Each structure stands twice: as structure tokens, then as C-alpha cells.
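Structure record follows, encoded as C-alpha cells.
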2 protein chains.
Amino acid sequence: MKAKPVGPIPSGYRAIDGELAIGGHKASDLVAKAGRTPLFVYSRDLLDARVAQLRAALPQRIGINYAIKANPHPDVIRHMAPLVDGFDIASAGELRMTAEAGIDPVRVSFAGPGKRDEELEEAIAAGVTLNCESAGEAERSLAIGQRIGKSPRIAIRVNPDFELKGSGMKMGGGAKPFGVDADKVPGLAKHVIAEGAEWRGLHIFTGSQALSAEAIVEAQSNVLELADKLSGEIGEPLPKLNMGGGFGIPYFPGDEPLDLLAVGEALHERVAGLPAALADTELCVELGRYLVGEAGVYLCRVIDRKDSHGVTYLVTDGGLHHQLAASGNFGTVVRRNYPVAIANRFDAEPDEIVNVVGCLCTPLDRLADLARLPHAEVSDLVAVFCAGAYGATASPSAFLGHGPAAEMLV
Amino acid sequence: MKAKPVGPIPSGYRAIDGELAIGGHKASDLVAKAGRTPLFVYSRDLLDARVAQLRAALPQRIGINYAIKANPHPDVIRHMAPLVDGFDIASAGELRMTAEAGIDPVRVSFAGPGKRDEELEEAIAAGVTLNCESAGEAERSLAIGQRIGKSPRIAIRVNPDFELKGSGMKMGGGAKPFGVDADKVPGLAKHVIAEGAEWRGLHIFTGSQALSAEAIVEAQSNVLELADKLSGEIGEPLPKLNMGGGFGIPYFPGDEPLDLLAVGEALHERVAGLPAALADTELCVELGRYLVGEAGVYLCRVIDRKDSHGVTYLVTDGGLHHQLAASGNFGTVVRRNYPVAIANRFDAEPDEIVNVVGCLCTPLDRLADLARLPHAEVSDLVAVFCAGAYGATASPSAFLGHGPAAEMLV
């Protein structure tokens, strides 16, 4: 039987007494502390390290926003609060999460193509910046501001004519549900400014999960050029420009980490030569997955080891109800293996080829196909890496009644 | 712009005052009663009608089991309780749901490849039948029975060497995480019987979501033949045989409803000519999606109507956080449109081509691509059909913080 490769284990994980350690704690100790599996563990050290890498690479004047949709666990939000500059939210639910973490609404901006009136009102009342997605949304925001006697803080989300090349998800270029087509932005901006909105500038998001520095550098150049052009057409300086994100992490065999230094170098050059219209503009990048994705591990326990027609299955108590993307069922066309390991035999040599599956009664519930791993028995722990972003909340946790996983920041 | 076809609207839905009516209630009235959108509505009438169709078509001695994973809403389970013969569960969580609905555990059987010891104990203590998935699970069940002083009721789930042809998900044929390979079943059955388990027979599940009566008839024939053969090898009559399900519903353009009468006719023949070993065996089919899928509608509201590069988008307050499968991101390779309609203009002629999207800030959140629909404006209601199965609980309801949809049985 031919093994299928698994994705690269992120750096920062090592063995203690032969076991995977996260934040200096052995996997089995973390499970004992949580009292159960499956368990998501998020590492403070790795979150800190990633922000430090970004700070070192990027020009000082480029702020870092955390898009909490990637991982809205309360402890993670609280941990990120002093580390990053701003927070991006996508619903009033997420606004409440930032409020509960004590984050000043002035640091928060709200994007999302389907903001309901109640959500707009909550955000305007709190003083959050709205990344306005359409002329209709602008009108509703102005009317609500009028009604509650508070000027809405409005930025316009731009649907640019270019995209982030090679990104996992394209969010610009051609017809899109996101933002306002670039050519209609100046008119709308003038209108909201004239109607008394507090003008907060532009949000230009071009894509996500790109591993090519070159593609990101090109997109950022295009974003700055477009922002300069639009600012001129609007006839007002841009108080702020959210340049979007798109920084990817390696998930799959052959994926190479993003060359962050190359991105930083190019940004230093751009910032040194900013056009006059952007000279005083507050600049930021918006990152979710890149900040938290590699800092999380999903731990589940082997419940059964069985053979079927010569194939060995490790059946775990985890599955797609917690890790939908790892099962290959979320925005994926061809399923590939995430990085996985036998957590309590982390430094052992692989000596067999197995299918790792979840506990759900559906053939979709696969965690690793034909992975070469050290021998594992019932009660051993399986680790699925890259579980810090789009894991717990991006999975159907009610499916089949097993309930959500435990989560822990260490 | 060329429209893409949408799936066929299930029968049983009609207009009252021009509006989609569900169970005799207008969509807008149901939303008013729920107090919000998005809303799943499940129709008692359509649930009843589907069971009546099955009773009329199938031989009387074929029982009908409801696999509650398809829709575990408490009111749905309670409504199904007197209509069907048995219930299939896939976790201890689902066991508790049947208990809360007052269902006698004798009517319940428990399948799933990763049953934890605590789950086995809860099920054995309650007297639920275990559809045992491996030799290891059998040993654990026997040991737990011993420890708590109660004979486990054990059926063996068989991994057959054939599959349900043309099924959406194949669950038999070759190496599988489900069940015990057919050739190992007799040995394991003799062992559990010798060890004092209460022998409950076999569970042979070959696939799901098949629309071809011919394929289902063939699979059922194979199931009966295999059960006869295994029963002979075990040397004990089969108290019960769960023949699996696989009855599909039409979701996509061109899908034709299953010819239930043809399935019933063939089953009448088979039942008339049953081999001696199965003469006294209790027979049942296990259905989930077929019982409830077409009885549910997902209603969401248009929040924004916008144009991007000449394409019209209806942005709704619904999305993949409630209807993952309809977005094309759950076990689908090529995205196709589910049946959709403008609920409050249900009898109007289509007069435009639009993209219907959800409110989530991700390009994955699509409800209908280039659908030909009657003109809709902000505050109109969009209906997505075939939402009764694998909707609310099979979707990542925590994603982006919008929270779960309302659900209502009418």
C-alpha cells in the first residue's frame, strides 16, 4: 500500500519524554487537565512568536489587525488584545465577543456583506467602524445614525478590479458580493461624507491563504495604488487604509511557508515612497489564520483500531464535527492530508500506514488517508496540526450529537 | 448572462395569497411567529405523508427506522415517535435525545465506528441495541456488560463486499471504517453469543442518497442473500435484520424522485420468497433523509440587493452556517443549485437572474448561483428547499458569530 504524504508540522512543536509538547506541556497532561478529548490547545508562546515575527518584518507604521473569525475563543481574543492594533469582526455576535474581552470599540471594524439593521445599530452605537459593503448598507447606516443621534464611522470596502494571485480564496476581481465596485467608490464616499458620517477610509481585501510573497507584494502594491487613486477622486485624505491580509500558512504536503521577510522588505520600500495622499493615512493589514492557525493543535483519542480488507483504521473520538476543513469538506476540491502525528509517540519513527478517521457515522469523516505514522493503539492520542484557525467554530459541532470539543489556551 | 438551473422544488408546497405556504401557513406568518429569520420550518403534513407513502409501498413486515442524525430537532423526534418503528442513533448524545422524547430504548439501535466506553455503558444500561462495528468494540461491550451486570444487546454491523450503486455516499464494498468485514462476522457473532450477549442480528448498510430504484432493489437483494448466508454460518436465526436505507431525494437539476413503488414491489417479491433462515427475522429499513429532507424549508431574508460588474446579488441573513450542504461545501465536488424560491412571490414568474448569497464574509457562502427568480428586494424572503435533513445540525452554526437559526415544526 502506498502512503499518502501528510502536511508539514508547523515549527515550534517538540517532544518532551517522547510526547508532543504544546507550550511546554505534554499532550497527555493537557488532556488530563481538560478532563476529556477531543481538545483544541492554543499556544500563547506561538501566538506571541508570530506577532513578534510580524512586528520585526513589517514597517512600524503598518498596524496589525486580528480578524477574530479565525478563532474567537474568549481566551485567544483576550490574549491578542494587547498584542495587535485592531480587531476585525464579521457580526454583532463577534462585536459582543470583543466587548467581553474589554476591547475598545474604537479599535474594532466590522465587515460583512449582510449586516442586519440591528447589527448596524449595535455597531454604530458602540462607535465601531463599519466597512460598508454597498450603497444600500450606507443608506441604512446613515438612517440609523440619524435615528439614534450618532454619526456612523464609515469606511468603504472596495471590490478591486485585481485579485490576490494564487490565494486560496479570491475576494476581489470581477463580480463579487463583497464591497463596492472600485469605480463606484468615490461617489459613495463623497455622499456619506456629505451626509455627516465620520469618514474612516477604505478597506481593500483581495484574497486569503496565499503562500507566495510575490503575489502578496503585488496585491499590496495594487492596493496602495488604488487607494491613492480613489483618495484623489474622493478629494479627501484617507484617515485609514485596511490593506487586507491574505498571508497563508502551509497545510498540505509541498506547501512552503510564506517568505514574510520578503513581504516586509517590499512594504518598507512602499512605505518609504508613499504618495502624498497616503502620507498621513493609518495603514494596517488584517490577518486571521496567519496569526493563530499554526498555534493550535486538535487532540483526539484512538477509540478503536481495526482492519478492513487489509487496511488499518484508527477510529478516533474526534472528527469533522470539530475539524471540518481537515476532513477535506470545507472549500476543498481534492482532499489532502493536514499535518498529523501520534501525539504520545511524537519522536517515534513511522512504521505503519493507517487511515485515521473520526467517530461520525459518515464516510466524509476522515482525518488522514494512508498516513505513515508510528504504531498506535486504543487510547493513544492523535494530533491534527494547523487547528488554531477555522477549526472549532468553522465545524458543525452539533452534528450527530457528540457536542463541541474542549478548548484551552496554554 | 446564462442562468444556471436550480433543483426541483419538492411536491407538497403551494402558494397562499401568492406566498409559499408550509403546512398551510404562509411563510411570512411563520417568520412573524418565530420572531426572526433565518428559520427552518418542518412540516408535520409532509412528514406524515412520506411515512404513509412508505407504509403503502413497502410490505407490512418491513419496519421503518428513523435515523435521527438527519434531523434531531426535539419536536421532529417526538412527531416521528408514533409514526415509525425504530430509531437509529449515532452517539450517546442522540440516545439522550430519544430518551427526552420518551422513546422506549428497546426501539433504539446505536451505530457508529467510534463509540466511547461511556457511550457503550450508557447504551447497554438503557437496553439499546448496539450495532457493533469491530471485534474490539464487541470486547469492550462485553466487558462493560459484565461490569454493570447487564447483558449487552448486540447486533453486528456488516461491511458487505458489495455497495449501493449510484449512491451519494458508499458505505460498503472494500475497506471501510464501518462494520465488520463480512467474512469475519460469523466468528465474531458466535463469540458474542457464547459470551452471553443478547443476540440481535445484523445491520447491513450499503450507502445513502440513491435515486435509482434498480440500484436499491439490487442492494436489498444482496443484503438478504448475505444475511441468509451469514445466518447459516453463525448457526443461529437472526432475530433482526436492519437492511440499511439509501433512499435518496432529488436535490439538483435533473434529479428524478426515487420510484418508491418499484422498490416496494421488489420487496414484496423478496419477502414472499424469504429463505427459511430469515422466515422469523424482524426486518427493517433505516431512513433519515428520505423521511425528513423534503419536509423542511430554510427561510432567510434579503438584507441587501446590489450590483457588482453587472451581476445582481441578493445578500441574505442566512448562509452556510445553517445550510452548509446547500452552499456546496459538504461532501460535494461540483457545486449545483439546491431548489430555491422567493418565498413571498412563490407564484410569480421568474424575471431576473441573480446570485443568492449568505451573510458570511467568505466567498464559500453561496445559496444559489445565477438562479432565474422573480424580482426580489430587501426584506423579501428566500426559501431554500430540501432543508429538513442535514441542515441545522450539519452546519457550522457558530461560524462568524451569527448564531443558530430558529427551528419550528408546523
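The values are calculated or read from the model by the stated rules, or taken from the named source; none is laboratory data. Quick caveat: nothing in here was measured; it's all calculated off a predicted structure. Cβ placement follows ideal geometry from the backbone for every residue including glycine, while neighbour counts extend to all protein chains displayed. The accessibility values were calculated without ligands, DNA or RNA, using every heavy atom of the protein model including side chains. Shrake-Rupley method; radii C 1.70, N 1.55, O 1.52, S 1.80 Å.
Return the total of residues in the range B:339-376 being in contact with a helix residue (DSSP H, G or I) (Cβ under 9 Å, 6 or more places away or on another chain) and of a type in the set (D, E, K, R).
Result for the range B:339-376: 2.
For the range B:114-129, enumerate the residues that are more than 14 Å from every other protein chain (Cβ to nearest Cβ) and in contact with a Phe, Trp or Tyr (Cβ under 8 Å, 6 or more places away or on another chain).
Correct list: B:T129 only.
Checking the conditions here, which among B:L260, B:L283, B:L274, B:L287 is farther than 27 Å from B:A389 by Cβ and either in contact with a Lys or Arg (Cβ under 7 Å, 6 or more places away or on another chain) or open to solvent by less than 40 Å² (accessible area, probe 1.4 Å) (or both)?
Matching residue, one of B:L260, B:L283, B:L274, B:L287: B:L274.
Restrict the check to the range A:245-259 and report whether at least one residue is modelled with pLDDT under 95, in a loop (DSSP other than H, G, I, E, B) and of a type in the set (A, V, I, L, M, F, W, C).
no
Please name all residue pairs, on different chains or six or more residues apart, with Cβ atoms under 6 Å, provided the first residue is in the range B:36-48 and is in contact (Cβ under 8 Å) with a residue 24 or more places away in the chain and the second residue is of a type in the set (F, W, Y) and not in a helix (DSSP H, G or I).
Listed pairs, sorted by first residue: B:F40/B:Y298.
Within the range A:147-165, count every residue that is buried (at least 19 other Cβ atoms within 10 Å of the Cβ) and without any contact (Cβ under 8 Å) to a residue 40 or more places away in the chain.
1
Kindly provide the set of residues from the range B:67-99 that are open to solvent by less than 20 Å² (accessible area, probe 1.4 Å) and either away from every other protein chain (no Cβ under 14 Å) or among the β-branched types (V, I, T) (or both), ordered by number.
Those that are open to solvent by less than 20 Å² (accessible area, probe 1.4 Å) and either away from every other protein chain (no Cβ under 14 Å) or among the β-branched types (V, I, T) (or both): B:I68, B:V76, B:I77, B:M80, B:A81, B:V84, B:G86, B:I89, B:T98.
Name the residue, out of A:R14, A:R36, A:R50, that is within 24 Å of A:P350 (Cβ to Cβ) and open to solvent by 20 Å² or more (accessible area, probe 1.4 Å).
Unique residue meeting the criteria: A:R14.
If you go through the range A:298-344 one residue at a time, how many are open to solvent by less than 10 Å² (accessible area, probe 1.4 Å), of a type in the set (A, V, I, L, M) and either more than 26 Å from the chain's Cα centre (by Cα) or assigned by TED's automatic domain parsing to the domain that holds A:Q209 (or both)?
3
Would you check which residues across the range A:198-214 are open to solvent by 10 Å² or more (accessible area, probe 1.4 Å) and over 20 Å from A:D183 (Cβ atoms) and list them?
Selection gives A:E198, A:R200, A:S208, A:Q209, A:L211, A:S212, A:A213, A:E214.
Go through (1) within 14 Å of another protein chain (Cβ to nearest Cβ); (2) at pLDDT 95 or above; (3) in contact with a strand residue (DSSP E or B) (Cβ under 7 Å, 6 or more places away or on another chain) for B:D183 and report which single condition fails.
Unmet condition: (3).
I want to confirm something. Restricting to the range B:103-113 and keeping residues that are open to solvent by less than 30 Å² (accessible area, probe 1.4 Å) and free of Cβ contacts under 8 Å to residues at least 24 places away in the same chain, which single residue is nearest to the other protein chains (Cβ to nearest Cβ)?
Result: B:G112.
Give the number of residues within the range B:28-78 that are within 25 Å of B:N242 (Cβ to Cβ) and touching a Lys or Arg at 6+ places or on another chain (Cβ under 6 Å).
1
Please go through (1) out of contact with any Cys (no Cβ under 7 Å at 6 or more places or on another chain); (2) within 21 Å of A:G248 (Cβ to Cβ); (3) away from chain B (no Cβ under 11 Å) for A:P339 and return the number of the only condition it doesn't satisfy.
(1)
Go through the range B:24-33 and report how many residues are touching a helix residue (DSSP H, G or I) at 6+ places or on another chain (Cβ under 7 Å) and either open to solvent by less than 10 Å² (accessible area, probe 1.4 Å) or farther than 14 Å from B:A343 by Cα (or both).
Looking only at that region, the number is 1.
For B:L20, are the conditions met, namely being more than 30 Å from A:V302 (Cα to Cα), out of contact with any Gly (no Cβ under 8 Å at 6 or more places or on another chain) and aliphatic (A, V, I, L, M)?
Considered against the rule, which asks whether it is more than 30 Å from A:V302 (Cα to Cα), out of contact with any Gly (no Cβ under 8 Å at 6 or more places or on another chain) and aliphatic (A, V, I, L, M), B:L20 comes out as yes.
Considering the range B:310-325 alone, what residues qualify as being out of contact with any Asp or Glu (no Cβ under 6 Å at 6 or more places or on another chain), under 16 Å from A:K176 (Cβ atoms) and in a loop (DSSP other than H, G, I, E, B)?
Within the range B:310-325, B:G310 is the sole residue that qualifies.
Would you check if A:V223 is within 14 Å of chain B (Cβ to nearest Cβ), outside any loop (DSSP other than H, G, I, E, B) and surrounded by 21 or more Cβ atoms within 10 Å (Cβ to Cβ)?
no
Among (1) under 30 Å from A:V302 (Cα atoms); (2) buried (at least 21 other Cβ atoms within 10 Å of the Cβ), where does A:A3 come up short?
For A:A3, the failing item is (2).
Do you know which residues across the range B:22-78 are closer than 28 Å to B:D280 by Cβ and of a type in the set (D, E)?
Within the range B:22-78, no residue meets the criteria.
Here are A:L274, A:L283, A:L267: which of them is touching a Pro at 6+ places or on another chain (Cβ under 9 Å) and either under 30 Å from A:A371 (Cα atoms) or not in a helix (DSSP H, G or I) (or both)?
The conditions single out A:L283.
Could you tell me whether the range A:130-144 includes any residue that is surrounded by fewer than 23 Cβ atoms within 10 Å (Cβ to Cβ), more than 11 Å from every other protein chain (Cβ to nearest Cβ) and not aliphatic (A, V, I, L, M)?
The answer is no; no qualifying residue exists.
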